[in-house]
Amino acid sequence: MEYINVTEEVWRGNIADPNEVKRAVESHFKLVATKKLYNMVLKKLYDLRGSTLISLAKLKMYASFCMKNLFGMIPDLLRPWWHGPNHSKIARSIIDVNKVYQSLFNVYGICEALHSTAVPHPEGEYELILPRMRYNIVDGFEVAAFGRDLVSLDAILLNLSEGWISQSAELNLKPIEIAEEEFWACDREAVRESKEKVGNWLSR
């Protein structure tokens, strides 16, 4: 096993040929909005293209799932630039980085809350500043979701956690809406069935 610091590798110039990355992405999807992403794929990762990449996300009370988790693969310390004013660019940035890595790898998503998990509660013991909400810590939550179709996986998780979401709802829905336009439609039957079978499992 090798730990790779993506940002440090990019700073050292250890990146894949941007033209090769561009060709790979544009053979699968529409153009990315921010083309400098083609200059941010590590050579070590590019050499592993075609293998499995797992987006391992932690279930958060502001509903950030597997597509958003790949946002962490953007090795830029100026994170607010990718968010844009009032988060106006964050959805597009999420889709762009997904285009890059879903073109190069077989991407699977895992979103888990197996152990201690923050759960929103209007009279919770703790308070989050941004977004502002109160919450409790629940031990042994024992929840995990896994799938190859990140669009459907995130749509299902968003639907099941709707009781958690307040002002962040639009921020989490927008990437799914764009992904349905540019990747593929989510499995709406699976979204419906999951709600029927699982119910309010996230409203502890």
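Nothing in this text is a laboratory measurement; each read-out follows from the coordinates by a stated rule. The shown structure was predicted, so the numbers you read here are calculated from the model rather than taken from an experiment. Counting neighbours? That spans all protein chains shown, and the Cβs are built from the backbone with ideal geometry, glycine included.
Could you give the length gained on full extension between residue 110 and residue 33, defined as 0.36 nm per residue of separation minus the Cα-Cα distance, in nm?
Working: separation 77, 0.36 × 77 = 27.72 nm, distance 2.65 nm.
Result: 25.1 nm gained on full extension.
Mind checking the stretch 92-135 for GluC sites (Glu not before Pro) that DSSP puts in a loop (not H, G, I, E or B) and that have at most 12 other Cβ atoms within 10 Å? Could the numbers behind the result be given before it?
Working: sites: 112, 123, 125, 127; in loops: 123, 125.
Within the stretch 92-135, the qualifying GluC sites (Glu not before Pro) (loop, at most 12 other Cβ atoms within 10 Å) are 123, 125.
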Residues of type lysines that residue 44 reaches as a straight line, Cα spacing below 18 Å, ignoring anything fewer than 8 places off in the same chain: 22
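Quickly rank 175-182, 2-9 as a protection proxy: mean count of other C-beta atoms within 10 Å, highest first.
Values: 175-182: 18.0, 2-9: 11.1.
Per-residue Cβ counts within 10 Å, averaged per peptide and sorted highest first, yield 175-182, 2-9.
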Would you mind getting me the FRET efficiency between residue 185 and residue 136? Use the beta-carbon distance for r and R0 = 25 Å, nearest 0.05. 0.10
Given R₀ = 22 Å, what would the calculated FRET efficiency be for residue 44 paired with residue 79, taking r from the Cβ atoms and rounding to 0.05? 0.45
Any aspartates and glutamates whose Cα falls less than 18 Å from that of residue 36, other than same-chain ones fewer than 8 residues away, would be 8, 9, 17, 20, 26, 76, 96
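Given the stretch 49-157, what count of lysine pairs have C-alpha atoms under 13 Å apart, with each pair 8 or more places apart or on different chains?
Details: 58/68; 60/68; 68/89; 68/99.
Within the stretch 49-157, the lysine pair count is 4.
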Mean Kyte-Doolittle of at least -0.5 and a Cα length of 18 Å or more along the axis: which whole DSSP H helices of the chain meet both? 90-104, 169-182
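Give me the number: length gained by fully extending residue 146 to residue 88, i.e. 0.36 nm times residue separation minus the C-alpha to C-alpha distance, one decimal in nm.
Values: separation 58, 0.36 × 58 = 20.88 nm, distance 2.88 nm.
Fully extending the segment from residue 146 to residue 88 adds 18.0 nm.
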Each label point is 7 Å from the Cα along the Cα-to-Cβ direction; what then is the distance between the points at residue 3 and residue 23, in nm? 3.6
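Which of 66, 186 has the fewest other C-beta atoms within 10 Å, and how do the rest follow up to the most? Intermediate results must be reported in sequence, preceding the final value.
Details: 66 25, 186 22.
Starting with the residue having the fewest Cβ neighbours, the order is 186, 66.
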Report the net charge of residues surrounding residue 68, where surrounding means a beta-carbon distance below 12 angstrom and charges are Lys +1, Arg +1, Asp -1, Glu -1. +2
